[in-house]
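The values are calculated or read from the model by the stated rules, or taken from the named source; none is laboratory data. Owing to the predicted nature of the structure, the values given are computational and were not obtained by experimental measurement. Cβ placement follows ideal geometry from the backbone for every residue including glycine, while neighbour counts extend to all protein chains displayed. Heavy atoms of the whole protein, side chains included, go into the accessibility calculation; ligands, DNA and RNA do not. Shrake-Rupley method; radii C 1.70, N 1.55, O 1.52, S 1.80 Å.
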Amino acid sequence: NPSRLLAQSYHAQSRANLPEAVRFTRAATVQSPHFGFAWARLAELEFGFGRTKAADAALAKALALAPRHAPAHTVKGYVLAAQPQTAAALVEFEQAIALDAALANAWLGRGLCRLHQGHTRAGREDLLVAAALEPNRAVLRSYLGKAFQEAGDPARAAKELHLAQRLDPADPTAWLYAALLNQERHH
């Protein structure tokens with residue numbers, strides 16, 4: 001069953017076994033080649049390994065099969081942002097948000113693109129939405145803390161980074177941003 005294979009993929013990822021997660025996901029696409037969600041999941045994993053061409057190919061299949069699948073548009077946004085095609089990435093993130101306004105990764109992506117373009121207030125607002133949608137995700141708190149730091153609000157930055165460190169002490173993102181904040185504040 002392809003849904004079961006995808007569940008096994010997420011379970012493997014939760015145990016930090018990404019090669020096994022890819023193997024289960026590929027098996028789902030072989031077992032059910034018209035399952036757009038499986039192709040979107042494969043694109044996400046391929047992109048995580050830096051295999052952009054493979055991610056693009058999987059995304060093309062995912063979006064052809066499921067053009068209204070918001071996570072696929074989100075992954076496409078990240079792929080485009082990495083190229084860097086920020087304007088095209090923004091279009092994908094906005095499409096994802098239009099399809100599913102509760103998708104924190106789409107808000108995160110749009111916020112990062114806006115920050116990259118120099119739209120700091122709009123970017124920070126998107127990061128606030130992402131963190132509100134998934135308040136216990138450390139990486140969202142880390143990026144929000146970094147945005148507050150760049151806005152010249154070290155107190156709010158420190159609060160978000162401390163929260164991110166508590167939520168996931170193993171994620172180095174918050175620790176790095178906190179160190180940069182402390183360096184900036186001469187601590």
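Accessible area per residue for the chain in Å², computed with a 1.4 Å probe and the full protein assembly in place, what is it?
About 52 Å² of surface per residue is accessible.
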statement: Looks like the range 127-187, by Cα gyration tensor root eigenvalues a ≥ b ≥ c and the a/c under 1.5 rounded cutoff (else prolate when a/b is bigger than b/c, oblate otherwise), is oblate
- request: Taking a cut-off of 28 Å between Cα atoms, list the lysines near residue 76, but don't count ones fewer than 8 places away on the same chain.
  value: 53, 61, 146
- request: Work out, in µm²/s and without decimals, the Stokes-Einstein translational diffusion coefficient of the chain at 37 °C, 0.692 mPa s, Rh from Kirkwood over C-alpha pairs.
  value: 191
field: residue 10 accessible area, assembled protein chains, probe 1.4 Å, Å²
entry: 90
Calculated SAXS-style log₁₀ I(q)/I(0) at q = 0.10, 0.17 Å⁻¹ - the range 79-187, Debye, Cα scatterers: -0.27, -0.77
- prompt: From the residues 49, 33, 84, which one has its Cα farthest along the dipole of the range 1-92 in the positive direction, the dipole being from +1 and -1 charges on Cβ of Lys/Arg and Asp/Glu about the Cα centre?
  reply: 33
- request: Just name one of 95, 152, 74: the one whose Cα is farthest towards the positive end of the charge dipole of the range 73-158 (beta-carbon charges, Lys/Arg +1, Asp/Glu -1).
  value: 152
- request: Quickly estimate the mean residue ellipticity at 222 nm for the chain, helices only: each DSSP H run with n ≥ 4 gives -39500 (n - 2.57), and the total goes over all residues, rounded to 500.
  value: -25500 deg cm²/dmol
field: Computed over the range 1-152: relative contact order in percent, which uses C-alpha pairs under 8 Å that are six or more apart
entry: 13
query: For the chain, what % of the accessible area comes from carbon and sulfur atoms, probe 1.4 Å?
result: 56
